[in-house]
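Remarks on the structure that follows.
The values are calculated or read from the model by the stated rules, or taken from the named source; none is laboratory data. From a predicted model like this one, the values you see are computed outputs, not experimental measurements. Reconstructed Cβ throughout: ideal geometry from the backbone, glycine too, with neighbour counts over all protein chains shown.
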Amino acid sequence: MRPESAIAEPPPTRERGSSKVSTWGSLRSLILRRLAILPLILLGLSLLVFTLNRMVPGDPALIYAGGPERADPAVVEQIRQDWGLDQPIVVQYVRYVGQLVQGDLGWSFSQRDEVTSVLAQRVPATVELSVAALLLGVPLGLGLGVFAAWRQKSMADNAATFFAIGGISVPIFWVGLMLAYLFSVVLGWFPMGGRMPAFSDFESRTGIYSLDAVLQGDFSTLATVLRHLALPAITLAIVPAALIARYARSSFIDVLGENYIRTARAYGISPITIVSRLAAKNAVLPLITVLGLIIPGLLVGTVLVEIVFSWPGVGRFLLDALTTRDYIVVQSVTLLVGVLYVVVNLLADISYALLDPRTRRS
Amino acid sequence: MEHPVDVVPPDGIQSRQSNGLMTPSRGWGITMTHVPDSEIRRLLELEQQGQLMGRRGFIAGAMTLGGALAFGGLAGCAGDDSNGSAGTLGTAPGTAGADAMRGGSLRLGTSGVVFPNFYLGTSFGVQLVSYVQFAWPTFMGSPAGVELENALAESYARSDDGLIHTIVLRPDLLFHDGSPIDAEAVAENYRSCFFADHPLRDDGAYTMTSGGFGVPPAVDRVDVTDELTLEIHLTTPRADIRDALSTHLVMNPAVLAQPGYGTDVGALRDAGSGPFRITGFQPGSSVEYEGFEGFHRDVLLDRLRLEEIGDPAAMGLALRSGQVDGALGLSKSDHDAFVEDPDYTLFVSEPAAFSVVFVFSSPRKPELEDRRVREAIALAMNREEYRDAFFSAGTVSPSTQMMHPSRAGYNPDVEEWPYDPDRARELLDEAGVERLSLSLLGRPSTNYIPELAALLQAMQADLETVGIDVEITMTDPASWFVERPNYDGWMTNLGPEVPTVIFPLFFTPGQSMPADDEGNWPSHDPRSHPEVMPLMEAAMGAFDPDEQDRLFQQLTQLHQDEILMYIPLALVGSSAIARSQVHGVQPWAFKALSQETAWVDET
């Protein structure tokens, strides 16, 4: 039996009311600070992307008119005038920023539609794919990282590290093609392309087919949607899983080496309890930051997966816009990604502050 | 604030713990910096009672089992994902006395073809003679033997002065909403193309109009003389406008009046005039059709789908996995492997569709201004080896000139350049060229040049054997358009278009090659040759088709003998690989029959 004196009394706690006020106050100022600098970030980003776009050779008016073999020079010139491309660069930029301020992302000449309208068609597909990849990749990466940290310097650790490094290093399109070959061609378990089978009459309301299937209570369709989603999601999940595995391993090794963990072990608490109840809450904190970088990157990093699996998402759309020099689309999507990075990182920081009082105090 | 903590573990060993870490408790946000006794006791009690492990183990086990069941269930739902269907038993069309095959669904994979919209003013390229024709067949056949059997027009005539061109439609044609395709509907389509202020005109480039009729179009008006007859009145005499009209679609005017019709499936469903009606459209990704029973020719398929697959390797896997029934735009290695596989059939367009040519462009290299140097380059290229090594099996044949064999201006007397590196070295010696450096610009492979980078490297190796160093730069298509005048040469492919389109690409100002600052053309530029411009003007303005043909043939011979600013490499046919159960597929070409003859045998 342990002597009572060996267990120290907890220090007096501060008044809960004042702690709560201080917490929310610091969070509010954090949010306001971040939101205040967001326009500056976007302005700088828009200027950078606008300039780089104009520096790359290629004439969107010429491409729109059918290329040099087909386009009449007079038609090309008229298009340039209609689009304002004959104006000085500064005028074009000011006009673009003015549109942005009014919430107008511009008009895509390659799609002949408003950028917001085109994105509204494409974003749900990418969101669905990205969420699926996260749901697969985060638990996998976390599990691998924890496992490697607990079995540090063992064969299991080496294997997990091999997977993590391999996952980061191997070209994702190669992985996709290999998975497609194995599971679609050889085994025939999963289809390798598109979101739905050919000639499907499924009507989507939200653009996220899995959600629509659930809302409609159509579980047969849900199974079909998930089957089409499986291979691209698994392919896309590999990089986040590998990154998270590496970070989780490192973070858990740090935390598992702490004295209080050693104490818990000395008390005979089981490893699973130690990891999940004692270590995780500290070790997972750095991963929030990593997720804040992974999530926005997934949304535009899906291009290779979308090409291999014929997934009609934002990545492919952005690539098409680049090859056709659809400046407005490239600029607008880049800005949206910038906003996404800022917002997601802000949410990550807020989460961090909520979870770790030391951050709030600082 | 840190608090040193004395903790006595059960074995009596005493240790001190002082750290700044947040220690966990029941909830987040507790600022204690030590292991709370209550927490440890609680956890120990739960473990001793088996509750913690039991609950945790149950959850972990349930999740593992659930995940396995989900994966297996999804994989096990490996029913026919194709939504394909068999056709009625029968025999192939065209067999004397046989019934035609009816029904069936066909899914075709393609690359870089599906456009983001179907607006009338869109500058369709190869799409015009491919999938666009499924719903909107080319309006009329063109001269020189490239007949389009599913064309909407029945006859064509022009006045003696070449100003009035009369077109008679086939009777009983229907748009896909059941409304008649009459002369007024066709006239409205043309008026929206010819006249910028027409209410049905969209904001497209209307390149097919500018290319066929000039800017502004040399059209005075379009009159309707009876239900099936319309007259196009020109401002400038033309011998024949069928080729120019062949690139114009005929859409339902009622749909043209609807804003946003180009991407609206509901509108597009009623807009067509061809053998297939659009039933689904994902811009840039896929188009789905159903057979239109009101078409004036038999349509065998029930359903047809065109799917964009951006990667050639993925295209091959899609065909093998059964995601598609046929594929266009396979990589050469996949294509050749499928050709050898008895489970698949090769379909090649006849005649071959595209000419692949190497074009000289640089005004910067004085050596290239000597025709002997250009001839040496032509002789140093082993074109037969290139065709065998870098083009898909069964699709390629020798080429002697840029004009298509089916077109006016094709000169049957022009022969292919031989492969003769010894003669090439002699010519370079005669020209006084000891060592020459060339810069070539390439772009990503296309359907018609599937191994472009490798082809350029082969050319590089061949030219090095005769003392010509080659530097290759690869770039994206948009940059390629702009950058190519800054290089010494590039590869391109030309479609089977009329000579009035092809010849100006190489022989008239404003196309491809710029003059120097003083407006002088380099000596290898055709425009500097004293005979070229007079011949071009005469040919472009010739009223008699035979005379026009003769003049363009003369230009072709002149180019071969004296100018030589492009080197033809190959004549490439459009090809498709499909499962052996698929029949009658028509790869894109100007002889496209819009897959009306395609059918699928699933027996």
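In the range A:205-246, the residue that is surrounded by the fewest Cβ atoms within 10 Å (Cβ to Cβ) out of those that are touching a residue at least 40 places away in the same chain (Cβ under 8 Å) and polar (S, T, N, Q) is A:206. Restricting the range B:257-268 to residues that are in contact (Cβ under 8 Å) with a residue 60 or more places away in the chain and either more than 10 Å from chain A (Cβ to nearest Cβ) or out of contact with any strand residue (DSSP E or B) (no Cβ under 8 Å at 6 or more places or on another chain) (or both), which is surrounded by the most Cβ atoms within 10 Å (Cβ to Cβ)? The qualifying residue surrounded by the most Cβ atoms within 10 Å (Cβ to Cβ) is B:262. Please verify whether residue B:287 is touching a Lys or Arg at 6+ places or on another chain (Cβ under 6 Å), in contact (Cβ under 8 Å) with a residue 24 or more places away in the chain and either within 10 Å of chain A (Cβ to nearest Cβ) or not aromatic (Phe, Trp, Tyr) (or both), treating the condition exactly as stated. Spelling it out, it is not the case that residue B:287 is touching a Lys or Arg at 6+ places or on another chain (Cβ under 6 Å), in contact (Cβ under 8 Å) with a residue 24 or more places away in the chain and either within 10 Å of chain A (Cβ to nearest Cβ) or not aromatic (Phe, Trp, Tyr) (or both). Among the residues of the range A:25-66, those that are surrounded by 18 or more Cβ atoms within 10 Å (Cβ to Cβ) and in a loop (DSSP other than H, G, I, E, B) comprise A:58, A:59, A:65, A:66. The set of residues from the range A:45-66 being in contact (Cβ under 8 Å) with a residue 24 or more places away in the chain, at the interface with chain B (Cβ under 7 Å from one of its Cβ atoms) and in contact with a Ser or Thr (Cβ under 6 Å, 6 or more places away or on another chain) comprises A:58, A:63.
Here is a yes/no grid of residues against (1) touching a residue at least 24 places away in the same chain (Cβ under 8 Å); (2) at positive phi; (3) surrounded by 15 or more Cβ atoms within 10 Å (Cβ to Cβ); (4) in contact with a strand residue (DSSP E or B) (Cβ under 7 Å, 6 or more places away or on another chain):
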position: B:166; (1), (2), (3), (4): yes, no, yes, yes
position: B:169; (1), (2), (3), (4): yes, no, yes, yes
position: B:178; (1), (2), (3), (4): yes, yes, no, no
position: B:181; (1), (2), (3), (4): yes, no, yes, yes
position: B:196; (1), (2), (3), (4): no, no, no, no
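Please determine, by comparing only the residues of the range B:464-504 that are outside any loop (DSSP other than H, G, I, E, B) and of a type in the set (D, E, K, R), which one is nearest to residue B:360 (Cα to Cα). The extreme case among them is B:484. Quick check, is residue B:459 crowded, with 22+ Cβ neighbours inside 10 Å, among the aliphatic types (A, V, I, L, M), closer than 22 Å to residue B:331 by Cα and at pLDDT 85 or above? Yes; evaluated as a whole, the condition is true for this residue.
Scanning the range A:247-272 for residues that are among the charged types (D, E, K, R) and surrounded by fewer than 22 Cβ atoms within 10 Å (Cβ to Cβ) gives A:254, A:258, A:262, A:265. Summed over the range A:216-245, the residues that are facing another protein chain (nearest Cβ under 10 Å) and aromatic (Phe, Trp, Tyr) give a count of 0. In the range B:276-298, the count of residues that are over 22 Å from the mean Cα position of the chain (by Cα), closer than 22 Å to residue B:153 by Cα, buried (at least 22 other Cβ atoms within 10 Å of the Cβ) and among the hydrophobic types (A, V, I, L, M, F, W, C) is zero.
Here's a check for you: in the range B:209-230, which residue that is facing another protein chain (nearest Cβ under 8 Å) and either assigned to a helix (DSSP H, G or I) or touching a residue at least 24 places away in the same chain (Cβ under 8 Å) (or both) is nearest to residue B:502 (Cα to Cα)? Selected residue: B:211.
Within the range B:368-395, being surrounded by fewer than 21 Cβ atoms within 10 Å (Cβ to Cβ), more than 23 Å from the chain's Cα centre (by Cα) and charged (D, E, K, R) holds for B:369, B:370, B:371, B:372, B:375, B:384, B:385.
Checked across the range B:150-166, the condition of being modelled with pLDDT under 85 and touching an Asp or Glu at 6+ places or on another chain (Cβ under 9 Å) holds for at least one residue.
The number of residues in the range A:1-24 being hydroxyl-bearing (Ser, Thr, Tyr), modelled with pLDDT under 50 and surrounded by 14 or more Cβ atoms within 10 Å (Cβ to Cβ) comes to 0.
Let's see how each residue does on (1) of a type in the set (S, T, N, Q); (2) part of a loop (DSSP other than H, G, I, E, B); (3) away from every other protein chain (no Cβ under 13 Å):
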| site | (1), (2), (3) |
| --- | --- |
| B:254 | no, no, yes |
| B:270 | no, no, yes |
| B:301 | no, yes, no |
| B:305 | no, no, no |
| B:310 | no, yes, no |
| B:315 | no, no, no |
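Scan the range B:361-376 and tell me whether some residue there is part of a strand (DSSP E or B) and of a type outside the set (Asp, Glu). No, the range B:361-376 has no match at all. Does residue B:291 meet the test of being within 30 Å of residue A:316 (Cβ to Cβ) and out of contact with any Leu (no Cβ under 6 Å at 6 or more places or on another chain)? Here the answer is no, as residue B:291 does not meet what is asked.
The condition (being assigned to a loop (DSSP other than H, G, I, E, B), more than 7 Å from every other protein chain (Cβ to nearest Cβ) and touching a Leu at 6+ places or on another chain (Cβ under 9 Å)) is satisfied by just one residue among A:105, A:100: A:105. Total residues in the range A:177-194 satisfying the condition of being in contact (Cβ under 8 Å) with a residue 12 or more places away in the chain and either part of a helix (DSSP H, G or I) or more than 9 Å from chain B (Cβ to nearest Cβ) (or both): the figure is 5. Regarding the range B:323-335, can at least one residue be identified that is part of a loop (DSSP other than H, G, I, E, B), surrounded by fewer than 20 Cβ atoms within 10 Å (Cβ to Cβ) and without any contact (Cβ under 8 Å) to a residue 12 or more places away in the chain? No. All conditions but one from (1) crowded, with 19+ Cβ neighbours inside 10 Å; (2) within 24 Å of residue A:99 (Cα to Cα); (3) over 17 Å from the mean Cα position of the chain (by Cα); (4) not acidic (Asp, Glu) apply to residue A:317; the one that does not is (3). Listed by first and then second residue, the pairs linking a residue in the range A:147-176 that is over 18 Å from residue A:283 (Cα atoms) to a residue that is part of a loop (DSSP other than H, G, I, E, B), with Cβ atoms under 7 Å apart and 6 or more places separating them unless they lie on different chains, are A:176/A:309.
Taken together, the residues in the range B:390-435 that are outside any loop (DSSP other than H, G, I, E, B), over 12 Å from residue B:570 (Cα atoms) and in contact with a helix residue (DSSP H, G or I) (Cβ under 9 Å, 6 or more places away or on another chain) amount to 9.
Just to verify a result, which residue in the range B:561-584, among those that are under 17 Å from the mean Cα position of the chain (by Cα) and more than 19 Å from residue B:405 (Cα to Cα), is modelled with the lowest pLDDT? Looking at the filtered set, the residue picked out is B:576.
Taking the criterion of being within 14 Å of chain B (Cβ to nearest Cβ), in a helix (DSSP H, G or I) and touching a Phe, Trp or Tyr at 6+ places or on another chain (Cβ under 8 Å), the residues of the range A:67-97 that qualify are A:75, A:79, A:83.
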